[in-house]
């Protein structure tokens, strides 16, 4: 018997992945309904310089995910973008959730946002689901069980040459000029919305690399990190190190995802650019 759930079960994480997939399905259904009806947004902060929208869809999806996770794994902690943290109660594991990664795309009706759910143990992601409610596409992984899109296993790109690589970028970063120093290194640059959705695209070899110049929150990237790892790739910082996720809220410095050799070629070349993946304002997440 093949498929993500049996593979996860063989790795000892069947119940966890099944629950995460159920959470993503319910949240995706709620989000799709809100998307069809039209989103009403408001800002989380009164600072007019910061665009940080939230919608009823974010809150409804968050509540549904937290309800299912709490019922299935009451001893696990939960960290979510949209609600107060639920402390760990003894398992040493934490679910890291973003009910809609890419709320700005959701509001602007750009179908490049996703539900992102990850389970972390001892700082390492062990279960991940990224689901796009509009594309009706779900990519999932469990440690030791590979990465799956729908019912089929997927793997990272085999591209090894930067000059032929398709790099997936943030629209806001390219507009801001964050990529100007190295944009000519690639064969093509494709802009995309949610970072979780971008990382899932790299895991599925839709693109060869993703580079996030600016720091991201743990709930933005944790699930996508495992998708890339289990698909055979890496998600490294400037020094070639994997991320270590902690339950507390925080920012993950700029990182690059893709095939190891391709990532290392980029990092070797970027060594002469001291500001690449070193944001001068680490408190600012975009």
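The numbers here are math on the coordinates, done by the rules we state, and not lab data. Quick caveat: nothing in here was measured; it's all calculated off a predicted structure. FYI the Cβ positions are ideal-geometry reconstructions off the backbone, even for glycines, and counts take in every protein chain you see.
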Within region 144-286, what percent of beta bridges assigned by DSSP are antiparallel, to the nearest 5? 65
Suppose a student asked you for the relative contact order of region 136-261, using Cα pairs under 8 Å spaced at least 6 residues apart; what percent would you report? 29
Which values, in whole Å and largest first, are the semi-axes of the equivalent ellipsoid of region 108-192 obtained as the square root of 5 times each eigenvalue of the Cα gyration tensor? 27, 18, 14
Please state, to two decimals, what the Cα-based radius of gyration of region 145-286 comes to when divided by 2.2 N^0.38 Å (N = residues). 0.96
With label points built 7 Å along Cα→Cβ from the Cα atoms of residue 161 and residue 72, find their separation and express it in nm. 4.4
May I ask you to order 99-109, 176-186, 12-22 by the average number of other C-beta atoms within 10 Å around their residues, highest value first? 99-109, 12-22, 176-186
P(r) of the chain in 10 Å steps, Cα pairs, percent per bin? 7, 31, 37, 21, 4, 0
Taking 25 °C and 0.890 mPa s as the conditions, I'd like the Stokes-Einstein D for region 4-154 in µm²/s, using the Kirkwood hydrodynamic radius from alpha carbon pairs. 156
Reciprocal of mean inverse Cα separation for region 191-252 (Kirkwood radius, Å): 11.9
